[in-house]
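Below is one structure, written out as C-alpha cells; the observations come after it.
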Amino acid sequence: MRKKIIYFSLAVCISLTACYDDEFDTGGFSVPSLILFDGGFPQSTNPLLKNRLVFSAIDDIEVTVNATNIDELQVTAIQSDGSTSLGRLPITNEQGMLQTSWAELGDLDRIDFTGAPDSEQPYTKRLELTEVAPFILDYSADGTDFITPSTTNNDSTVSVYYELATANTPIASVSFAQRIGEDGEFTSITSREVNATMAEQQEIMLTVPDENTLGLDESLFVRATVEGANGLTYEEIIEIQNLAVALASEGEFDLLSAGGGSFSFAQLDTGIFASDQADIRLAVTDNQLNLEADPASGTTFVVSEEFDFALATYQAVRDAFAEGTAVSRVEDIANLLTNATVLVQVGGGTGATEYAALQLNAIDRVSTDLGSVSIRYKANQ
C-alpha cells in the first residue's frame, strides 16, 4: 500500500508575541489575554497553521483553551448560513475545556471565543476546525492498482487497503459491504474489531463476481464503515469498474513450413518446443498451407470474418470463439478473406484456458511444399 494517513493541525505558541496576531484577534484592548488552543491530531510545528485544529469525523471534539487574565469566554460557532451560540466557557486556573460535536457545529466556518480581560473592551480569538475522514481507502486487483477486470473463468481478486486514525475517540470496529450496480443492495463482506485510535496498512480481499452476476462495464461498490466507541459512524463508498480484460501481450512472429518450428503462447516466441507447448505451426498438407497445432497442446481454432481485431479483448475473443466451430487445423490460409481473424483457444477448455486473436499477413507460397506466413497476435498470456 503506497499511501499513509497523515493529519496536521497547528503547533501551540509559547510566547506572547508569537500568539498575538491581528489575523485572529479583533477589538481593542490594552492588556492582551493570551489564548492558546490544543486538541485534535498531533500538531504541526508550522507557525502558519496556528489556531487550526484537525479532528476526524467520528471524534469527540474536545478543545483545551488556555487563557490568561480572563474568567470566561463566550463561544460562538460561525457557520456559512449564520451562527450558533455554544454558551459560555468558564476559565479556571487559566484553562477551560470546550466539548462539542460536528453535529452541533453544522457547516462550520470557524469558532469565535470572545471575552473581556480586566474589564477592557471585549475582543475575539478565532479557531478553525477541520473535519477529516477517519480512514483512507485504496485498492488493487490481481496485483495491479486501480484496474479491476473479471472473467467467468478466472475471477479477479480485489485487495482493499485501509488505514485508520482518530484524534481521541477509539475506533470500535470497521466493516465492509458490497453492492452490485447502482440499484443493488449492500451485503456484508466482513467486520473487524479495532478498539484503538490507529490501525496501519490493513487489507481485506474479495472476489469480483462472475459475469453472470456483474456485467462488463458495470460497477461493484464497496462500502467501508467506521464506528467509534461513542457510537458515531462514518462511511465511504468506492466504485470498482468491471472492465473487459485486455489482451496485453501483442506482437508478431513468422513461421516457415519447413524446419519444424512452432509458436508457443507460453513462451511468446517461435522455436522447437515440447508437444504440449507447440501451439501453432505452419504445415503443407495436400498442397495447401495450413495452420495447426500439436494435439498435446489442446489448441483449437475458429475463423471469423466479422471479428474486429483492433477491439480484441479476452471476453470478445472468448465469446466469438464460442459462437464458431472449433477446428484443430485452419486449412488453405492463402485463400482466407483478407479481413478474417483466427481466434485461438489454448488449453483445451480447462480452468487455465487462454485466448488469442491472429491476423495473417504476408502469406508466401514459395513452392508446393514450402511456404511462410507473418502473423500478428494479441493474447492474454
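The values are calculated or read from the model by the stated rules, or taken from the named source; none is laboratory data. Worth saying up front: this structure is predicted, and the values here are computed from it rather than measured. Because the Cβ atoms are built from the backbone with ideal geometry, glycine has one as well, and the counts that use them run over all protein chains shown.
So which of Thr76, Thr84, Thr64 is within 28 Å of Thr166 (Cβ to Cβ) and surrounded by fewer than 15 Cβ atoms within 10 Å (Cβ to Cβ)?
Going through Thr76, Thr84, Thr64 in turn, the sole match is Thr64.
Which strands (runs of 3 or more DSSP E) sit wholly inside region 158-273 and have at least 2 residues that are at pLDDT below 95? Working first, answer last.
On the way: elements: 171-180, 187-196, 198-207, 219-228, 233-241, 249-256, 262-264, 269-271.
Ranges flagged: 198-207, 219-228, 233-241, 249-256, 262-264, 269-271.
Name the residue that is surrounded by the most Cβ atoms within 10 Å (Cβ to Cβ), counting only residues in region 229-241 that are farther than 27 Å from Asp142 by Cβ and not aliphatic (A, V, I, L, M). Lay out the reasoning, then the answer.
Taking region 229-241 first, the residues farther than 27 Å from Asp142 by Cβ are 229-234.
Next cut, not aliphatic (A, V, I, L, M) only: 230-231, 233-234.
Values: Asn230: 14, Gly231: 9, Thr233: 15, Tyr234: 21.
Only one residue fits best here, namely Tyr234.
Among the residues of region 212-228 satisfying the criterion of being in contact (Cβ under 8 Å) with a residue 60 or more places away in the chain and within 20 Å of Ala57 (Cα to Cα), which is surrounded by the most Cβ atoms within 10 Å (Cβ to Cβ)? If you could, list the steps in order and put the result at the bottom.
So the first thing to find is which residues in region 212-228 are in contact (Cβ under 8 Å) with a residue 60 or more places away in the chain, and the list is 212, 214, 216, 220, 222, 224, 226-228.
Next cut, within 20 Å of Ala57 (Cα to Cα) only: 222, 224, 226-228.
Values: Val222: 21, Ala224: 22, Val226: 25, Glu227: 19, Gly228: 23.
Ranking the qualifying residues of region 212-228, first place goes to Val226.
Residues being modelled with pLDDT under 95 and among the aliphatic types (A, V, I, L, M): count how many of those fall in region 106-126.
1
In region 66-96, what residues are part of a strand (DSSP E or B), in contact with a helix residue (DSSP H, G or I) (Cβ under 9 Å, 6 or more places away or on another chain) and touching a residue at least 40 places away in the same chain (Cβ under 8 Å)?
Here is the first cut: in region 66-96, the residues part of a strand (DSSP E or B) are 66-67, 72-79, 82-90, 92, 95-96.
Okay, now just the ones that are also in contact with a helix residue (DSSP H, G or I) (Cβ under 9 Å, 6 or more places away or on another chain), so 67, 77, 79, 84, 86.
Hit for region 66-96 is Ala67, nothing else.
Kindly indicate the residue of region 157-175 that is surrounded by fewer than 20 Cβ atoms within 10 Å (Cβ to Cβ) and farther than 30 Å from Ile35 by Cβ and also farthest from the chain's Cα centre (by Cα) among those meeting that condition. Spell out the reasoning first.
Here is the first cut: in region 157-175, the residues surrounded by fewer than 20 Cβ atoms within 10 Å (Cβ to Cβ) are 157, 159, 161, 163, 168, 170, 172-173, 175.
Filter once more, so that each one left must be farther than 30 Å from Ile35 by Cβ: 157, 159, 161, 163, 172-173, 175.
Working: Thr157: 13, Ser159: 9, Tyr161: 9, Glu163: 13, Ala172: 24, Ser173: 21, Ser175: 17 Å.
In this case the residue turns out to be Ala172.
Collect the residues in region 316-338 that are in contact with a Ser or Thr (Cβ under 7 Å, 6 or more places away or on another chain) and either among the acidic types (Asp, Glu) or surrounded by fewer than 19 Cβ atoms within 10 Å (Cβ to Cβ) (or both), keeping them in residue-number order.
Keep residues of region 316-338 that are in contact with a Ser or Thr (Cβ under 7 Å, 6 or more places away or on another chain), which gives 320, 324, 326-328.
Once the filter is applied, which keeps residues that are in contact with a Ser or Thr (Cβ under 7 Å, 6 or more places away or on another chain) and either among the acidic types (Asp, Glu) or surrounded by fewer than 19 Cβ atoms within 10 Å (Cβ to Cβ) (or both), region 316-338 yields Gly324, Ala326, Val327, Ser328.
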